[in-house]
Ligand SMILES: CC(C)(COP(=O)(O)OP(=O)(O)OC[C@H]1O[C@@H](n2cnc3c(N)ncnc32)[C@H](O)[C@@H]1OP(=O)(O)O)[C@@H](O)C(=O)NCCC(=O)NCCSC(=O)C[C@H](O)C(=O)O
Ligand SMILES: [Mg+2]
């Protein structure tokens with residue numbers, strides 16, 4: 001284990017100093033595209049204006065015989081475009097695959113100055129992050145990079161979940177963790193065949209009302225991902241990094257997609273993945289706090305002064321703890337409003353209304 005004293009020393013001579021704090025940049029949607037797919041690649045300059053994060057995916061969903069085309073495509077896209085405030089991420093192939101070494105070597109040396117975050121799939125424990133950490137430092141030194149690349153782990157194996165706290169704290173490069181429900185379901189031997197979302201068979205039922213065990217008993221579908229998302233959020237917060245939901249594979253079902261995203265938002269996630277352009281606006285809507293909630297949060301903060309004591313607002317008790325919750329909402333709203341003038345107007349308008 002590294003000594004805490006050495007945690008912020010570069011892991012290779014000539015590599016940049018590790019960051020001491022993960023920047024809380026807007027990342028409501030991490031938009032996945034296949035850089036080797038010409039139709040998708042053509043949409044990148046436009047998409048860059050709409051999303052917080054663009055992610056060139058090299059792993060699952062890219063056919064084995066298209067891996068090299070995807071990698072080369074990402075290099076040309078990154079070189080040809082200026083993404084402004086939009087972050088550029090990549091998802092490399094898994095650490096046990098024949099492609100990952102070339103993915104990392106090529107991307108860091110060719111476009112390391114354009115990339116912000118490298119998403120690593122199927123992380124099993126801290127040892128996987130340690131491997132990537134050292135290799136990135138060596139490659140950064142070779143490429144002469146002045147800013148360290150950050151690492152994002154996907155939580156998609158049973159051992160990854162069992163080790164999530166050590167993964168979150170394995171390196172100062174750790175930026176965040178996403179849930180990978182499809183691989184996680186397979187790893188756990190869950191009996192589902194979907195990419196994220198719920199399942200009608202996973203339910204609880206009210207007690208019987210009489211002799212007939214079928215009559216008058218309401219069922220409620222439960223969230224298959226509640227435990228894992230909540231555990232992931234705690235591990236991330238404990239280590240000062242950011243938690244995300246992951247993919248929702250039923251592209252047509254925009255309603256259930258919004259529900260799944262909102263559950264994750266309410267539980268503490270800062271964003272999600274968008275797999276298709278139709279999911280971008282859903283993620284934006286869900287992961288930007290509602291103007292009414294922002295107005296309420298600002299009102300509580302104003303009424304609470306230094307944040308101690310208790311006051312009543314519209315019949316509801318507010319104290320130090322509700323003040324802190326309101327600060328989370330208000331600070332997120334301020335950060336998003338800085339980037340999004342429409343959102344700023346909506347927040348300021350709603351705030352004015354409650355002040356009148
Ligand atoms: C899911 C898709 C295969 C659907 O594609 P398609 O059938 O082409 O959809 P449409 O006809 O509705 O597309 C309309 C146009 O939009 C373009 N398009 C589609 N998706 C994207 C995109 N993500 N980015 C940019 N542009 C996109 C199409 O090319 C059409 O263009 P045009 O013909 O010019 O109008 C497809 O959406 C897709 O492949 N999405 C990404 C899938 C992906 O990345 N999957 C991996 C992440 S999920 C995962 O890995 C599981 C996870 O790890 C876990 O374990 O849980
Ligand atoms: Mg996966």
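The values are calculated or read from the model by the stated rules, or taken from the named source; none is laboratory data. All values derive from a computational prediction rather than experimental measurement. Here Cβ is always computed from backbone atoms with ideal geometry, including for glycine, and neighbour counts include all displayed protein chains.
Tabulated results
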item	result
Positions within the range 165-182 being within 15 Å of ligand 1 (Cβ to nearest atom), part of a helix (DSSP H, G or I) and either touching a helix residue (DSSP H, G or I) at 6+ places or on another chain (Cβ under 9 Å) or over 15 Å from residue 122 (Cβ atoms) (or both), in sequence order	181
Matching residues, the range 217-235, being more than 18 Å from residue 184 (Cα to Cα) and either modelled with pLDDT under 95 or touching a strand residue (DSSP E or B) at 6+ places or on another chain (Cβ under 6 Å) (or both)	217, 219, 220, 221
Residue match in the range 136-144 (condition: within 16 Å of ligand 1 (Cβ to nearest atom) and either touching a residue at least 60 places away in the same chain (Cβ under 8 Å) or part of a helix (DSSP H, G or I) (or both))	no
Test: residue 82 is more than 14 Å from ligand 1 (Cβ to nearest atom), out of contact with any helix residue (DSSP H, G or I) (no Cβ under 8 Å at 6 or more places or on another chain) and within 28 Å of residue 338 (Cα to Cα)	yes
Which numbered condition residue 195 fails, given (1) touching a helix residue (DSSP H, G or I) at 6+ places or on another chain (Cβ under 6 Å); (2) within 16 Å of ligand 2 (Cβ to nearest atom); (3) within 28 Å of residue 240 (Cβ to Cβ)	(3)
Helices (runs of 4 or more DSSP H) contained entirely in the range 240-325, each with at least 1 residues that are under 30 Å from residue 173 (Cα atoms) and either in contact (Cβ under 8 Å) with a residue 24 or more places away in the chain or within 16 Å of ligand 2 (Cβ to nearest atom) (or both)	254-267, 278-287
Qualifying residue in the range 7-23 (condition: in contact with a strand residue (DSSP E or B) (Cβ under 9 Å, 6 or more places away or on another chain) and touching a residue at least 24 places away in the same chain (Cβ under 8 Å))	yes
